[in-house]
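Presented below is the structure to which this report refers.
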Amino acid sequence: MLLSSRGVADCYMDFFTVPLLGAEFTTPANRGWLFLVSDSLPQGLEIISETHALKVGASQPSSLQEFTGQLLVKLPEGATLDRLDFIRIIPTTSNEK
Amino acid sequence: MESVRRITRVLEVESSGAIVPIDLSLPTDAKECFGLQAIVVGLFPGVDSVDDFGEFSVSFNGKANHPVHQLVPYESAQSRQVSTTRIGLLPLSTKLTSGGRITGFYRDLERQTEPFKSYQVRISFNLITE
């Protein structure tokens with residue numbers, strides 16, 4: 001439903017891990033959709049993409065967090081998070097005419 | 001009968017570096033969005049005109065279409081007085097499905113000097129309705 005409503009007939013799917021090697025990290029640009037699966041996110045963490053931006057507050061995000069394209073990840077000072085995991089979906093064929 | 005309508009929504013930005021989600025719906029009779037404009041509303045005496053005061057991203061039709069991700073400029077009062085042009089309308093040609101959500105975000109790019117002053121961002125959609 002999530003994909004068919006966007007005109008996607010078939011897609012490639014895998015896990016995508018972003019290693020956090022510094023206070024800021026930018027991923028290569030790609031045309032996939034990234035669905036965040038990591039939990040226990042530190043307060044103040046920012047994940048900014050082309051279609052969605054998340055700043056983690058006192059509580060964890062309650063809904064599915066979906067990002068697109070290139071990501072900018074900003075770690076708050078003192079955070080020990082070393083990676084972020086996503087499910088990545090790249091459309092291969094579409095229903096659009 | 002087709003007609004043209006302009007719908008405006010206002011976002012409140014209350015902290016430096018704030019990320020303000022956009023989640024709204026347009027009138028169900030809206031068939032197409034042919035223009036979009038985002039304007040910073042507020043005066044910040046310590047800030048010169050900048051092209052990158054904030055950034056915003058907007059997706060239409062439940063994220064099926066993503067035509068806009070761009071910087072939002074700020075024009076200082078002094079520049080505004082001598083300027084002969086105004087921040088323009090971004091032309092679009094996005095067909096709208098009835099009931100489709102408009103989602104995205106606005107992000108403050110921390111161009112204000114301390115202390116931070118809250119402000120608004122006015123986003124206007126130019127629509128063709130029937």
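The values are calculated or read from the model by the stated rules, or taken from the named source; none is laboratory data. None of the values given here were measured: they were computed from a predicted structure. Positions of Cβ are backbone-derived with ideal geometry, glycine not excepted, and every protein chain shown enters the neighbour counts.
The single residue among B:Gly104, B:Gly100, B:Gly88 that is under 28 Å from B:Asp29 (Cα atoms), surrounded by fewer than 20 Cβ atoms within 10 Å (Cβ to Cβ) and not polar (S, T, N, Q) turns out to be B:Gly88.
Every residue, every condition in (1) within 14 Å of chain A (Cβ to nearest Cβ); (2) within 17 Å of the chain's Cα centre (by Cα); (3) modelled with pLDDT of 90 or more; (4) on the phi > 0 side of the Ramachandran plot, yes or no:
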| site | (1), (2), (3), (4) |
| --- | --- |
| B:Glu2 | no, no, no, no |
| B:Leu11 | yes, yes, yes, no |
| B:Ser15 | yes, no, yes, no |
| B:Ile19 | yes, yes, yes, no |
| B:Gln37 | no, yes, yes, no |
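For A:Val8, the conditions (1) more than 19 Å from A:Leu72 (Cα to Cα); (2) facing chain B (nearest Cβ under 10 Å); (3) surrounded by fewer than 18 Cβ atoms within 10 Å (Cβ to Cβ) all hold with the exception of (3). Filtered by the rule that a residue be exposed (fewer than 11 other Cβ atoms within 10 Å of the Cβ) and not acidic (Asp, Glu), segment A:35-55 gives a lone residue, A:Ser40.
For (1) away from chain A (no Cβ under 14 Å); (2) modelled with pLDDT of 85 or more; (3) touching a strand residue (DSSP E or B) at 6+ places or on another chain (Cβ under 6 Å), each residue gets a yes or a no:
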{"site": "B:Asp51", "(1), (2), (3)": "yes, yes, yes"}
{"site": "B:Ser79", "(1), (2), (3)": "yes, no, no"}
{"site": "B:Thr85", "(1), (2), (3)": "yes, no, no"}
{"site": "B:Gly100", "(1), (2), (3)": "no, no, no"}
{"site": "B:Pro115", "(1), (2), (3)": "yes, yes, no"}
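A count restricted to segment A:27-69 and to residues that are in a strand (DSSP E or B) and more than 18 Å from A:Ala79 (Cβ to Cβ) stands at 6. Here A:Gly32 meets the list (1) within 14 Å of chain B (Cβ to nearest Cβ); (2) crowded, with 18+ Cβ neighbours inside 10 Å; (3) at pLDDT 90 or above almost entirely, failing just condition (3). For segment A:36-61, filtering for residues that are within 12 Å of the chain's Cα centre (by Cα), of a type outside the set (A, V, I, L, M) and more than 12 Å from chain B (Cβ to nearest Cβ) leaves 1.
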